[in-house]
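Structure first, then comments.
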Amino acid sequence: MNRPLTEEKVFKDPVHKYIYVQDLTIWNLINTKEFQRLRRIRQLGTSYLTFHGAEHSRFSHSLGVYEITRKIISQFERSGYPDWPREERLVSLCAALLHDVGHGPFSHSIEEIFDTQHEEWTCRIILEETDINRVLREVSEDFPDRVAAVIRKTYPKPIVISLVSSQMDADRMDYLLRDAYYTGVNYGTFDLERILRVLRPYQGQIVVKESGMHAVEDYLMSRYQMYWQVYFHPVTRSSEIILRQIFRRAKELTEQGYTFGWMARPIDSLIRQTLSAQDYYRLDEALIQTAFMEWSEERDPLLSDLCCRFLDRRLYKYITIEEPDETLLAEIARQWLRIGLDPDYHMEIDFPFDLPYDVYRPDSNKEDKKEKAPILLLDGQDRTAEISAKSDIIRSITGLHQGRYHLYYPEEPLQAAKDKLDGRIRALFGIG
Ligand code: NI
């Protein structure tokens with residue numbers, strides 16, 4: 001069962017000013033070792049190499065998502081909306097707090113190479129023998145399953161899912177404000193207080209009162225700005241490419257039976273995909289960066305070079321190309337081999353839309369669990385309409401797929417061997 005804390009606990013937070021904890025379960029979850037690990041995982045992965053302020057952790061973001069969810073629910077309770085199921089409060093708060101607990105160090109790169117999913121790890125940490133599972137079972141035996149169902153989007157009440165995961169969920173509202181604050185950019189801000197005031201539960205979902213449309217427009221515009229200015233930043237993409245290649249090389253070497261000069265057990269288990277939920281909490285960014293430092297002296301020259309590049313921030317440069325043209329790419333690969341570069345590692349085409357981000361898409365395909373519920377406006381006659389049907393501004397940024405192909409490569413070896421390159425390649429890469 002749920003018990004209130006005898007004394008409310010308060011965290012100071014730069015985005016929400018204060019974060020209030022009133023339930024013993026929430027307090028105990030925050031104090032588990034698996035949740036404390038989030039202090040050692042950056043919210044924005046490698047973005048600190050582009051925006052040096054972006055050192056904030058997933059711990060602060062997770063508390064923020066919890067706080068926004070708590071505010072939404074208490075506003076629903078205060079207003080006495082009959083469409084809000086009051087018995088769902090604790091499960092919603094726990095899912096909000098724990099939604100990112102399975103994020104590994106530099107998640108996106110690791111997930112791609114080792115074929116893991118942070119959502120799956122989140123559920124394992126909730127369901128298997130961990131401190132988090134123990135705290136959740138104190139509420140009731142089936143409580144961990146209920147929290148995991150919200151994360152997996154299979155919970156029987158969609159309104160609970162949409163608090164944590166929809167086009168206007170607590171997760172996105174917190175990370176936009178937090179990432180804008182810590183990167184120091186001005187465009188990520190929007191009026192959270194106003195949005196929270198215009199949300200209401202309606203027929204099993206969360207809708208926005210029509211009078212709040214402009215506040216929502218502002219939120220979506222800030223999302224649009226943040227994607228292009230921060231999340232898709234080409235320098236950040238370059239550091240992600242280096243990271244991916246380090247992990248790819250480490251995996252390749254492991255498969256070849258290579259003996260590393262230095263290896264840590266959680267990293268080895270990660271590469272071999274034998275990591276347990278109990279050991280997952282040992283995996284953090286401090287460990288990964290120690291590995292990079294050690295591997296910068298490995299005898300494999302490729303791994304050592306990639307690690308030095310990451311640590312010293314000697315990232316790959318890029319050129320913009322129209323369409324990846326096979327003949328051109330084959331020609332570049334040939335010339336790369338001629339000057340001792342490895343086309344598998346030293347050229348990479350990047351297109352920002354393979355990221356798990358979209359600016360806003362109104363069409364929600366219910367079959368696909370990855371799709372997020374759209375934003376609905378509720379008018380005075382109790383009719384709902386999807387927001388892009390009413391707002392010119394939203395319509396203009398909906399489904400936009402602008403974005404350009406970038407080809408990333410290490411610049412120094414090209415400069416050093418420029419005499420061996422064809423004139424056409426030199427011109428393409430701007431080498432004089
Ligand atoms: Ni999140």
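So the values come out like this:
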item	result
The chain: antiparallel DSSP beta bridges as a percent of all, rounded to 5	90
Between the range 1-19 and the range 65-121, the Cα center-to-center distance that results, in Å	16
Neighbour cut-off at most 12 other Cβ (10 Å), DSSP loop, GluC sites (Glu not before Pro), the range 1-64	Glu55
Stokes-Einstein D in µm²/s, Kirkwood radius over Cα pairs - the chain at 4 °C with 1.567 mPa s viscosity	55
Debye intensity ratio I(q)/I(0), log10, the range 1-41, q values 0.22, 0.25 Å⁻¹ (C-alpha model)	-0.82, -0.94
Paired Rg and Dmax values of the range 39-122, which use every Cα atom, in angstrom	16.1, 48
Among Met221, Tyr231, Trp295 the positive-end extreme of the charge dipole of the range 188-316 (Cβ point charges)	Met221
Principal axis dimensions, largest first and in whole angstrom, of the range 50-199 by Cα	44, 40, 22
Estimated Rh, the range 58-102: Kirkwood, alpha-carbon pairs, angstrom	10.9
Max mean-square fluctuation residue, GNM over the chain, Cα-Cα springs under 10 Å, options Leu306, Leu337, Leu177	Leu337
Low-density loop positions, trypsin sites (Lys or Arg not before Pro), the range 381-432 - DSSP coil, at most 15 other Cβ in 10 Å	Arg383, Arg404
Charge dipole (debye, nearest 20) of the range 52-209; +1 at Cβ of Lys and Arg, -1 at Cβ of Asp and Glu	820
The chain - charge dipole about Cα centre, Lys and Arg +1 at Cβ, Asp and Glu -1, debye rounded to 20	820
Column: log10 I(q)/I(0), Debye, Cα scatterers of the range 110-259, q = 0.10, 0.16, 0.20, 0.21 Å⁻¹	-0.56, -1.09, -1.18, -1.20
Equivalent ellipsoid semi-axes - Cα gyration tensor, the range 179-319, angstrom	43, 21, 12
The chain, helix-only ellipticity at 222 nm - DSSP H runs n ≥ 4, -39,500 (n - 2.57), divided by all residues, nearest 500	-14000 deg cm²/dmol
Too-long pairs where the Cα-Cα distance tops 29 Å, listed order kept, from Lys33/Lys209; Lys209/Lys372; Lys12/Lys157; Lys71/Lys390	Lys33/Lys209; Lys12/Lys157
Cα-only Debye scattering, the range 196-274: base-10 log of I(q)/I(0) at q = 0.20 Å⁻¹	-0.91
Trypsin sites (Lys or Arg not before Pro) within the range 247-290: DSSP coil, no more than 16 neighbouring Cβ in 10 Å	Arg272
Mean-position separation - Cα centroids, the range 192-253 and the range 279-334, in angstrom	26
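Coordinate-derived values only; no laboratory data. Only a predicted model underlies this, so the values are computations on that prediction, with no experimental measurement involved. Glycine gets a Cβ as well: all are built from the backbone with ideal geometry, and neighbour counts include every protein chain shown.
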